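Q: Quick one: structure below, then a few questions.
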Amino acid sequence: MARRYQRRSAASGVVRDTIEVANVLPWWGAAILGLVLFILFYWALPFWLQSKLDELQGNMFKPMVEVLFGRRMHWLQWIGIALGLVRLFFAMRNYFVACSMNRRDLWGVGWLARSLARLFD
């Protein structure tokens with residue numbers, strides 16, 4: 001029987017990869033990784049995009065780029081919230097439980113993190 005491949009978004013891939021890495025780290029590693037990724041995606045990358053947008057003063061394409069960057073900033077902040085929730089979950093879970101989760105449980109954590117990120121956003 002042939003495998004069917006599902007097309008997934010880049011945001012889903014980032015969250016899934018972070019979940020797999022945080023699953024094997026100790027609690028403090030998961031906390032540090034998640035904190036760094038949260039700061040990067042929630043504040044640093046949107047700030048960088050805003051600085052690039054400010055460089056376009058007087059450019060006729062600025063309104064078009066502003067709309068595009070606005071969507072990307074919102075998308076990056078959503079990913080930051082999801083990664084922050086993953087960080088909290090795995091930091092607490094890895095503190096109390098020493099064994100790793102199986103793939104089906106990791107899928108559930110990813111689904112929950114993405115759903116709560118949409119709720120908090």
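The values are calculated or read from the model by the stated rules, or taken from the named source; none is laboratory data. Source: prediction; values computed, not measured. Glycine also receives a Cβ, built like all others from the backbone with ideal geometry; neighbour counts cover every protein chain displayed. Side chains are part of the model used for accessible areas, which takes the heavy atoms of the whole protein and leaves out ligands, DNA and RNA. Shrake-Rupley method; radii C 1.70, N 1.55, O 1.52, S 1.80 Å.
Q: Output the 0 to 90 degree angle, nearest 10, between the alpha-carbon long axis of helix 45-54 and the longest principal axis computed from the alpha carbons of the chain.
A: 10
Q: Where does each of V15, V24 land when they are ordered by accessible area, with a 1.4 Å probe and the largest first?
A: Of V15, V24, the descending order of accessible area is V24, V15.
Q: Same structure, new question: Under 14 Å from the Cβ of W48, count the other residues' Cβ atoms, weight Lys and Arg +1, Asp and Glu -1, and hand me the total.
A: Details: positive: K52, R72; negative: D54, E55.
Once all neighbours under 14 Å are counted, the net charge is 0.
Q: Mind checking the full-extension length gain between D17 and R104? Use 0.36 nm per residue of separation minus the Cα-Cα distance, one decimal, nm.
A: 29.9 nm
Q: Per-residue HN-Hα couplings for segment 22-38, Karplus 6.51 cos²θ - 1.76 cosθ + 1.60 at θ = phi - 60°, whole Hz, x for Gly and Pro?
A: 5, 5, 9, 7, x, 4, 6, x, 5, 5, 5, 4, x, 5, 5, 5, 4
Q: Now for a different question. Loop-only chymotrypsin sites (Phe, Trp or Tyr not before Pro) in segment 1-106, please: DSSP not H, G, I, E or B, and at most 13 other Cβ atoms within 10 Å.
A: Hits after loop and neighbour filter: Y5, F61.
Q: Looking at the chain, which longest stretch skips every one of the trypsin sites (Lys or Arg not before Pro) that is in a DSSP loop with at most 10 other Cβ atoms within 10 Å, leaving the sites themselves out?
A: Details: sites that count: R3, R4, R7, R8.
Result, exposed sites excluded: 9-121.
Q: Roughly to the nearest percent, how much of the accessible area of segment 46-121 is carbon and sulfur, given a 1.4 Å probe?
A: 64
Q: Sticking with this structure for a sec: Restricting everything to alpha-carbon atoms, can you work out Rg to Rh for the chain with a Kirkwood hydrodynamic radius?
A: 1.09
Q: In addition: How high is the relative contact order of the chain, in percent, with contacts defined as C-alpha pairs under 8 Å that are six or more residues apart?
A: 39
Q: Before I look further, what does the chain give for accessible area per residue, probe 1.4 Å, in whole square angstrom?
A: Accessible area per residue: 71 Å².
Q: What is the list of residues in segment 19-41 whose amide nitrogen lies under 18 Å from a point 7 angstrom out from the Cα of V97, following Cα to Cβ?
A: Within reach of a label on V97, which here means backbone N under 18 Å from a point 7 Å along Cα→Cβ, segment 19-41 contributes 19-31.
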